[in-house]
Amino acid sequence: MAKWFISTEELMPASGDAKKSWGCPMPMNCSLDDRQRELQARARRFAVDVLREARTAENLPTPEKRFAATKPAYERMIADGYLRLCIPESAGGDGRSLVDTALVYEELYTENASVALTLLGTMLGLQPLLVGGSADQQKQMLAPFLETSGAPLAGFCSSEPGGSANPAAPPPGEGMRTRAVRRDGTWVINGRKKWVSSATGWNRDGADLLCVVCRTDPDAAPDKGISILAVEKPYEGVVFERAITSPGYRAHLLPEFSFRDVTVPAENVLGEEGGGLPLSAASFVGASALVGVLGVALMRAAFEHSLHFARTERRGGIVPIIEHQAVGYALVDAKIAIEATRSLAWRASAAIDARHPAAVELANHSKIFGSETAVRVITDLMRVVGIDSYDDENDPLNGLLQDALALPIFAGGNMGVRRRGLHAMLANPGYDPLAALDRS
Ligand SMILES: Cc1cc2nc3c(=O)[nH]c(=O)nc-3n(C[C@H](O)[C@H](O)[C@H](O)COP(=O)(O)OP(=O)(O)OC[C@H]3O[C@@H](n4cnc5c(N)ncnc54)[C@H](O)[C@@H]3O)c2cc1C
């Protein structure tokens, strides 16, 4: 049965040696089977038929209006099974592998990053439940997300006003500020969160499920005192404060909001009580691999536009500008970067599917390389197209760059991914620099 996420035990094996608990060979075959090709083609048709049209929502005046206008497109994604595809078969969904998910996301994101990110935000919001939840919790809480109707949303509530890069900081650092206290068989949550995709729902009435990273023991060290609590609808006390206006993802909701005495049953702890930090890290592994794919999608859209422009535009000269060597070489370099990024992202996804020892490292490489390459390549392509790439109404490149600019700073900013995810790994004496080689 498919189970592509990395569990907390696999992320940090007690022995400190990942090879002892994993050890599956690295898949090297990059060819897709017939089912995957059909999945990819179906997602491409859907993206062109449904998501391209939904970009008109981006012209509305406020972030909330723009987000609300994407609901019909999101409902179509649910109806066509794209959320079920993000939920592994072992948990009742249709997902067989992260590679499948990567194929689908490239197609959806190429046409409409805002709506595709709403789906990805829900997928991320479900990860603590899928990775750390008990069978009973999954059965109960996943139910609305397995339907092929409605517009269910889930949010992974980690980021806070004032910064979230140091949740494990000991005093006098504040670390994670949101708190939950036990009261009469419940947890009562108070605190503020920011940037959590779709968390306040379609009408400020909250997402269907919020997985809240919060301090559950103020006296314990952070690695023992932070937990993830599941907040399921119906609930009271999630208070919308404002929708952030950002230059990219114009039809995606990024709210600032607070938890005011939000009360959940004591049994709504996901994973171990006090085990919130490793569960958060484990929940991000699949998303990190996928960020490389998001970079590919934005670069691909930019490249297709720029190639067409270069083949058809003379800009007052005698020949189409692709005939100029400087333009041709710039397009060549962009295409190489796209292929390299896709290969890395697919390899990282396949390594996660195979539970390979190098999976977490490759996922972090995909996150950093894919996000930073996308910003560079789209900027280079804007130089190919020239000044018209700066005309928002008539050219997609500036909008694609605005979406790409978020990739290095979201889903764990690349500073933090380098520090927590990779630097710490390299500093460990047990680190094997050749793990990804799959040598005997
Ligand atoms: C489109 C979008 C969607 C998002 N969706 C979600 C979501 O669903 N859920 C969610 O919780 N968040 C979400 N976020 C927020 C985002 O993922 C995180 O808040 C962000 O990745 C963390 O930011 P940061 O690392 O810059 O942290 P900050 O705490 O803001 O740190 C700022 C900077 O300080 C420096 N810094 C801080 N500490 C250190 C240190 N110890 N060592 C070295 N440098 C340091 C680094 O340069 C860092 O970049 C989203 C953001 C966007 C734009």
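Values quoted throughout were computed directly from the atomic coordinates according to the rules given, and no laboratory measurement underlies them. Since we're looking at a predicted model, the values are computed, not measured. FYI the Cβ positions are ideal-geometry reconstructions off the backbone, even for glycines, and counts take in every protein chain you see.
Observations on the structure shown:
- Helix-only mean residue ellipticity at 222 nm for the chain, each DSSP H run of n ≥ 4 adding -39500 (n - 2.57), per residue, nearest 500: -14000 deg cm²/dmol
- Within region 243-270, backbone nitrogen closer than 18 Å to the virtual label 7 Å beyond the Cα of Arg182 toward Cβ: 263-270
- Acute angle (nearest 10 degrees) that the helix 397-406 long axis makes with the longest principal axis of the chain, alpha-carbon atoms: 30
- Simple spin-label estimate for Ser343 and Arg42 gives 3.0 nm between the two label positions (7 Å along the Cα-to-Cβ direction from each Cα).
- Net charge, Ala69 excluded, C-beta distance under 13 Å - Lys, Arg +1, Asp, Glu -1: +1
- Summed residue charge, Cβ within 15 Å of Met415's Cβ, Lys/Arg positive, Asp/Glu negative: +3
- Highest-first arrangement of 190-200, 317-327, 145-155, where packing means the average Cβ count within 10 Å: 190-200, 145-155, 317-327
- Put a dot 7 Å past the Cα of Asp432, heading toward its Cβ, do the same for Leu32, and the two dots end up 3.2 nm apart.
- Euclidean distance between Cα centres, region 360-388 to region 59-132, Å: 22
- Local net charge near Ser258, Cβ-Cβ under 14 Å (Lys/Arg +1, Asp/Glu -1): +3
- Across region 255-282, the residues whose backbone nitrogen lies under 14 Å from the label position 7 Å along the beta-carbon direction of Ile244 are 255-258.
- Couplings 3J(HN,Hα) for region 282-292, derived from phi with the Karplus relation 6.51 cos²θ - 1.76 cosθ + 1.60 (θ = phi - 60°), are 5, 5, 8, 4, x, 4, 4, 4, 6, 4, x Hz, where x marks Gly and Pro.
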